[in-house]
Amino acid sequence: MFPRKRVLVTGGSGFLGSHLCSRLLSEGHEVLCVDNFFSGSRSNVEELMDNRRFELIRHDVTFPLFVEVDEIYNLACPASPVHYQHDPVQTIKTCVHGAINMLGLAKRLNIPIFQASTSEVYGDPEVHPQTEDYRGCVNPIGLRSCYDEGKRCAEALFFAYRRQHKLPVKVGRIFNTYGPHMLPNDGRVISNFIIQALQNVPITIYGDGSQTRSFCYVDDLVECMIRLMASPAEFTGPVNMGNPGEFTMLELAETILDLTGSKSRLSFEPLPEDDPRQRRPDISLARNALGWEPKVTLREGLEKTIAYFETMLREA
Ligand code: NAD
Ligand code: UDP
């Protein structure tokens, strides 16, 4: 059994945060979940509410927070383009002021802090697959910049606190992740395609569908976060977290049509601005430093995610 810790998870009622909270509780820890419900919902953590080691606080991380904890996972930030572009100024504030506030808390308590960074720090990458030393190709004034540059600034802050205050920081660059608790309407490709397939309406392929992404199932991702937090203090990352399997959006659509037995046709729509052409993590560092690699195949993960959305549509 692990020694019991009190763990703060910001953005804890979002998609990834809710799975992380469950996992931490299952290991016997106390979890303080902080969320302003911008893109997360109480329903994601409903089943945890009866657990006496779980506490939910409505709070916006752009304001300071004074609590006593042993570890912080900083996940608060809308992750889907629809949500983070809805209020770009707030997205930047959440990335930057949120990081400053959580780093300040970690500094006062001198505790480890994990930052949920993103593959978006690589922008539309010119090297493939992406290793952690690649510095990225980001448009600093484009539609995605509120998120990409916000997350890059957060990384800069984490490493400034590391150098200046010797804080034990842990930075994970998360690639596209999917699974139950994704929102049905946040425009991400997996949720869009599954809902469209289940409703037998056209599958919206942006561009010609030849752009690629790598998709990691949420349980694998949470395991990687836990291992990074448990790693020696000298290991700060940044470390890529994702599944190196790479698929075009057309391949993804075909797999989802096959698994759902849907009759949906494909509908080709305009490609959004600054949409990266390709993305695949090189996970050598995570393999070597954390002994981690993803275990769930795309088909297995999609089956579980489809089952989740089927239930949601049935109950709606
Ligand atoms: P999500 O939108 O489901 O969850 C984010 C949570 O943060 C939500 O519950 C939201 O209400 C909360 N939040 C937003 N702004 C806040 C604020 N100012 N104060 C307090 N809470 C706030 O997204 P997710 O997919 O669970 O992503 C979690 C983290 O992982 C994010 O930081 C995201 O950038 C990062 N990430 C996710 C992915 C992915 O594929 N899901 C990929 C890369 C990085
Ligand atoms: N995409 C698509 N149809 C959709 C939603 C998204 O073809 O209905 C494409 C999108 O243009 C992008 C890829 O799927 O190339 C992944 O999009 P998502 O928003 O899920 O993630 P991100 O672009 O942030 O990696």
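Points to keep in mind about this one:
- Subset of region 11-64 [part of a loop (DSSP other than H, G, I, E, B) and among the polar types (S, T, N, Q)]: Ser13, Asn36, Ser39, Ser41, Asn51, Thr62
- Residue in region 11-33 that is nearest to the chain's Cα centre (by Cα), counting only those that are touching a residue at least 60 places away in the same chain (Cβ under 8 Å) and under 23 Å from Asn185 (Cβ atoms): Leu16
- In region 145-165 there is at least one residue matching the filter, namely being crowded, with 20+ Cβ neighbours inside 10 Å and basic (Lys, Arg).
- Considered as a group, the residues in region 44-62 that are out of contact with any helix residue (DSSP H, G or I) (no Cβ under 7 Å at 6 or more places or on another chain) and of a type in the set (A, V, I, L, M, F, W, C) include one that is farthest from ligand 1 (Cβ to nearest atom), and that residue is Met49.
- Residue within region 145-160 that is part of a loop (DSSP other than H, G, I, E, B) and of a type outside the set (Lys, Arg) present: no
- When Val82, Val67, Val89 are screened for being away from ligand 1 (no atom under 12 Å from the Cβ), surrounded by fewer than 19 Cβ atoms within 10 Å (Cβ to Cβ) and either of a type outside the set (Lys, Arg) or assigned to a strand (DSSP E or B) (or both), only Val67 passes.
- Residue that is touching a helix residue (DSSP H, G or I) at 6+ places or on another chain (Cβ under 8 Å) and among the aromatic types (Phe, Trp, Tyr), where the choices are Phe175, Phe268: Phe175
To keep it simple, each residue is scored yes or no on (1) away from ligand 2 (no atom under 12 Å from the Cβ); (2) under 30 Å from Ile256 (Cβ atoms).
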{"site": "Val127", "(1), (2)": "yes, yes"}
{"site": "Ile141", "(1), (2)": "yes, no"}
{"site": "Arg152", "(1), (2)": "yes, no"}
{"site": "Leu157", "(1), (2)": "yes, no"}
{"site": "Pro168", "(1), (2)": "yes, no"}
{"site": "Arg188", "(1), (2)": "no, yes"}
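- Selection of first residues in region 90-115 that are on the phi < 0 side of the Ramachandran plot and at pLDDT 95 or above and of second residues that are among the acidic types (Asp, Glu) and away from ligand 2 (no atom under 16 Å from the Cβ), restricted to Cβ pairs under 6 Å at least 6 apart or on distinct chains, gives the following pairs, ordered by first then second residue: Ile111/Asp70; Ile111/Glu71; Pro112/Glu71.
The values are calculated or read from the model by the stated rules, or taken from the named source; none is laboratory data. This is a predicted model, so every value here is computed, not measured. Cβ: placed from backbone, ideal geometry, glycine included. Neighbour counts: every protein chain shown.
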